[in-house]
1. Using Cα pairs closer than 8 Å and at least 6 residues apart in sequence, work out the relative contact order for the stretch 37-167, in percent.
2. For the stretch 283-337, what is the per residue volume of the convex hull drawn over the alpha-carbon atoms, in cubic angstrom?
3. Quick check on the stretch 146-271: what are the equivalent-ellipsoid semi-axes from the Cα gyration tensor, as sqrt(5λ), descending, whole Å?
4. What is the chain's relative contact order, in percent, from Cα pairs under 8 angstrom and six or more apart in sequence?
5. Give me the dipole magnitude in Debye, nearest 20, for the chain about the Cα centre, with unit charges on the beta carbon: positive for Lys and Arg, negative for Asp and Glu.
6. Can you pull out the trypsin sites (Lys or Arg not before Pro) in the stretch 11-85 whose DSSP state is coil and whose Cβ has at most 12 other Cβ atoms within 10 Å?
7. What list do you get for 322, 418, 158 if you sort them by fewest beta carbons within 10 Å?
8. According to a simple spin-label model (label point 7 Å from Cα along Cα-to-Cβ), what is the distance in nm between residue 156 and residue 194?
Amino acid sequence: MSFSNIMDSNSYQGGQRDDPLIAARDRVLGPAYRLFYDNPVHLVRGLGTKLFDADGNDYLDAYNNVASVGHCHPHVIDSVTRQLSTLNTHTRYLHDGIVDYSQRLLATFPDLEQSSSYQVMYACTGSEVNDLALRVAAMHTGATGVIVTHEAYHGNTEAVTAISPSIGGRTSLGCHVRTVSPQLERAEIAAAITDLQDSGFGVSALIVDTIFSSDGIYPDPLVLAPAVAAVRAAGGVLIADEVQPGFGRTGAGMWGFTRHGVVPDLVTMGKPMANGLPVAAMAARGDVLAGFATGVPYFNTFGGNPVSMAAAAAVLDVIERERLIANAATVGADLRAEVARLAADHPRIGQVRGAGLYLGVEVLDDVGLPDRATARWIVNAMRERRVLISVCGGDGNVLKIRPPMVFSMSDVDRFIAELGEVLASLAQ
Ligand code: PMP
């Protein structure tokens, strides 16, 4: 199936509703844009884990990982405002902000020999840094073949669209791309490697989202290490796409790759990095980066500017001060246990998977097969109860629960009370 889960499983498409804002939006933005929910949400304000509509109704945000330290966090607002009212230029002038931040960021990475220690480059989106990582990998390996998972999403430039099978629609995979399941079975990896070699592309990179988000959220089992060994033996590198699991979401350290016990050659990160400002980065081992960095000048007008760095530094401050990685671990474990308890009474709920504050909950039909329609129904029913979630996975049947990392035990209580009601009405 060309599943297009990102685009279509939980989206309202224009032209069906008599709402002047939707009509105006459709007119000016055109048909590529989608909205969440059959009854789209119109928000005007956010605070912590809550979002508010114009009537002052509060919605519990159990979906947004961008505002990962909480919507409108005062420390981020202060830092950004201060920097914005002082100076905002670009990386061709000396500035402390980018150096201080880079030192802090790289201190969260594995220790390597000095000759290969990580270096970091900045951009504004996850798509851009994945695009950059592909260029760096190709330059280093002399190969262009890329291995991705069946339902991977790595962004929206031409190069990363070609390695993002989940987009579907009229896009197609590059001829230099081979797909494997998120279980990264040994035989699949071996076949992909052989095929890329036989086709003349060679093996440049295995790129994976280390929690396999768009594949349906598969934090376990920890399958990455043997696949990486096979790819490296074929001359390729590992690009860990941390756009989703990075910055502490899994509750097990800053990075999703740590859980897998691997040391990536390249790491890309974005979304939660600056709590909503467009900040993204690619870290690479110095020896892997060298071929590109010494041969190709790099400039990104906005990437790494003083305001972006102030926002990103403030996010690290909050993660540390509010112990958000530990919070993701404890509150995430509680949320998962409570969802599993509800699931135990519902034959239509299958596996409850998760790490930290990233949960995937399978919705099944009465013979145990993936049930996209019911998953969508649950998401819309939760929205009517003012709890925001979504779906993912190749069959569009996995509830995607990924709240800001300041989610509290009382947020869990509210979430579980509403999910319990929704599942009870499903059972009737
Ligand atoms: N990689 C992954 C795993 C993602 O989930 C996304 C965004 N959903 C991207 C890359 C692209 O990031 P951006 O939208 O910032 O370009």
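1. The normalised contact order for the stretch 37-167 reaches 12 percent.
2. For the stretch 283-337, the hull spanned by Cα atoms encloses 143 Å³ per residue.
3. Largest first, the stretch 146-271 gives 21, 18, 12 Å.
4. 22 percent
5. The dipole of the chain has a size of about 480 debye.
6. Working: sites: 17, 25, 27, 34, 45, 50, 82; in loops: 17, 34.
Nothing satisfies the criteria.
7. Fewest-to-most Cβ neighbours within 10 Å comes out as 158, 322, 418.
8. So the label points at residue 194 and residue 156 sit 3.9 nm apart.
Each value in this text was obtained by applying a stated rule to the coordinates, not by laboratory testing. Computed from a prediction, not measured in an experiment: that's the story for all the values here. Cβ coordinates were reconstructed from backbone atoms using ideal geometry, including for glycine residues, and neighbour counts include every protein chain displayed.
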